[in-house]
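The values are calculated or read from the model by the stated rules, or taken from the named source; none is laboratory data. Worth saying up front: this structure is predicted, and the values here are computed from it rather than measured. Every residue, glycine among them, receives a Cβ derived from its backbone with ideal geometry; neighbour counts consider all protein chains shown. Ligands, DNA and RNA are excluded from the accessible area calculation, which covers all protein heavy atoms including side chains. Shrake-Rupley method; radii C 1.70, N 1.55, O 1.52, S 1.80 Å.
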Amino acid sequence: MFNIASIIIGVVALIGALVAFLPLLGWANWLIIPLAIVGAAVGVLSRSTGGRNLNLLVIVIGVVRLMLGGGIL
C-alpha cells in the first residue's frame, strides 16, 4: 500500500515540477520539493525502489528549477 502511495505522490510531484517551469507558476516549486521528500520517505519505508527513485528525480528537477531562477515569482 505504501508502494502505491509513493508512486502516486511521485507522479503528482512530477507533474507539478514540470508545471513549475512555467514563468508564473515558479512558486509551485516550493510545494513540490517537500511533497517529493515525503514521497521518497514513503518509498523508503515501503522498500519501493520505483516510488523512491521517482520522487528523488522530482527533487533533482525541483533543485535545478531553483538554480535556474525559480524564485517566488
Quick check on this structure: which one of 57, 18 is closer than 19 Å to residue 68 by Cβ and either under 9 Å from the mean Cα position of the chain (by Cα) or assigned to a loop (DSSP other than H, G, I, E, B) (or both)? 57
Please list, ordered by first then second residue, the pairs with beta carbon atoms under 6 Å, 6 or more apart or interchain, first in region 3-22 and free of Cβ contacts under 8 Å to residues at least 12 places away in the same chain and open to solvent by less than 70 Å² (accessible area, probe 1.4 Å), second part of a helix (DSSP H, G or I) and not β-branched (Val, Ile, Thr). 19/25
Which one of these does residue 44 not meet: (1) in a helix (DSSP H, G or I); (2) at pLDDT below 75? (2)
